[in-house]
């Protein structure tokens, strides 16, 4: 029996990042847990616009609606939200 199950992980994009990519979300198939930083690198490799955005800005990441650090582990099936930097006035 196959022990590694692939689960769909929903990635949500917000604000300027959503506008840059021209969409609000995508589905990513994860076979195993991965660190947030690795996930961002995978997305950048697959999406040139996302890679350009990451080169210009630091982003905030939430996993299952909780802000996390770049070394946090993302489990397959999690919901990931990626936010551009927040500006205030």
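Quick note: the coordinates plus some simple rules give every number you see, no bench work behind them. On a predicted model such as this, the values are computed, not experimentally measured, just so you know. Because the Cβ atoms are built from the backbone with ideal geometry, glycine has one as well, and the counts that use them run over all protein chains shown.
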Average projected area of the Cα convex hull of region 37-89, in nm²? 4.2
Taking a label point 7 Å from the Cα of residue 86 along Cα-to-Cβ, the residues of region 21-58 whose backbone nitrogen sits under 18 Å from it are 57-58
With viscosity set to 1.002 mPa s and temperature to 20 °C, compute the Stokes-Einstein D of the chain, Rh being the Kirkwood radius across alpha carbon pairs; µm²/s, no decimals. 160
